[in-house]
Amino acid sequence: MTERQQAEVDRGKQLILHYYDAIMFAGILRDATGSLLQDHEMEQRLSYKYQAGLAYRFNQAIPALIAGAEEVKGEPFRTIKYTPQAWFTEINNALGTIGSHEGPLQETELNYLRTAHELFSRTAQLLDGYHVENTADNLALAMARGGKWVDIVEEINDIFADAPEFLFTYRSDAESK
């Protein structure tokens with residue numbers, strides 16, 4: 001294998017790993033936000049918030065996929081107001097504060113959860129549209145050269161570009177007291 005082709009294979013393997021991580025990230029946040037919407041007991045909220053915190057481990061996967069897809073496509077995607085690296089930190093911070101009180105969730109918290117749940121449901125659904133079975137060289141090479149996954153990632157970028165600003169700037173009423 002030539003050095004250039006090996007570099008493409010290595011890049012493709014990295015993209016596959018980011019894709020796997022993005023699937024995990026979007027799926028966990030979809031499930032956690034959905035569960036928070038359904039169960040308003042404090043003990044259960046803490047469990048779902050813990051799940052959301054675990055997802056944070058994969059927070060760089062979607063930004064890395066966007067950067068990789070832009071590189072493969074040869075042009076940048078739509079500009080978004082917030083940097084991809086900051087998106088998930090702010091969302092994670094918001095999810096950490098929501099429901100950190102006794103009693104039912106406040107309407108602003110419910111609105112945030114509904115919006116985040118929709119965002120991550122759409123993201124997870126899009127990611128399900130491309131299958132990466134393993135990191136074999138031929139699959140990695142195909143991924144490095146583009147294809148359907150690039151369009152999927154561009155759609156995901158557009159979802160976040162169109163997302164309401166409060167997803168990235170949310171502060172709970174409890175924090176401001």
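Tell me, which longest segment in the chain has none of the GluC sites (Glu not before Pro) that fall in DSSP loops with at most 15 further Cβ atoms within 10 Å? Each step should come with its number before you reach the end.
Details: sites that count: 41, 102, 133, 165, 175.
It runs 42-101.
Could you tell me the number of lysine pairs in the chain with C-alpha atoms less than 29 Å from each other, where the two lysines are 8 or more residues apart or belong to different chains? Display every interim value, and only then the final one.
Values: 13/73; 13/148; 49/81; 49/177; 73/81; 73/148; 81/148; 81/177.
Count of close lysine pairs: 8.
Go ahead and estimate [θ] at 222 nm for the chain from helices alone: -39,500 (n - 2.57) per DSSP H run with n ≥ 4, summed, over the residue count, rounded to 500.
Rounded to the nearest 500, it is -23500 deg cm²/dmol.
Calculate the translational D of the stretch 88-177 in whole µm² s⁻¹ from Stokes-Einstein, where the hydrodynamic radius comes from the Kirkwood formula applied to all Cα pairs, the temperature is 20 °C and the viscosity 1.002 mPa s.
Working: Rh = 15.4 Å.
It comes out at roughly 139 µm²/s.
Using the Cα atoms of the stretch 1-117 to build a convex hull, what is its mean projected area in square nanometres?
Working: hull surface 33.0 nm².
For the stretch 1-117, averaging the hull's shadow over all directions gives 8.2 nm².
Helix 107-127 versus the longest principal axis of the chain: what angle, 0 to 90°, nearest 10, using Cα atoms?
Here the helix axis deviates by roughly 20 degrees.
Can you give me the relative contact order of the stretch 83-166 as a percent, contacts being Cα pairs under 8 Å and 6 or more apart? Let's see the in-between values first.
On the way: 21 pairs, mean separation 24.4, N = 84.
That works out to 29 percent.
Bear in mind that the values in this text are calculations on the coordinates, not laboratory data. Just so we're clear, the structure is a prediction, and the values are computed from it rather than from any experiment. No Cβ is skipped: glycine too gets one built from the backbone with ideal geometry, and neighbour counts run over all protein chains shown.
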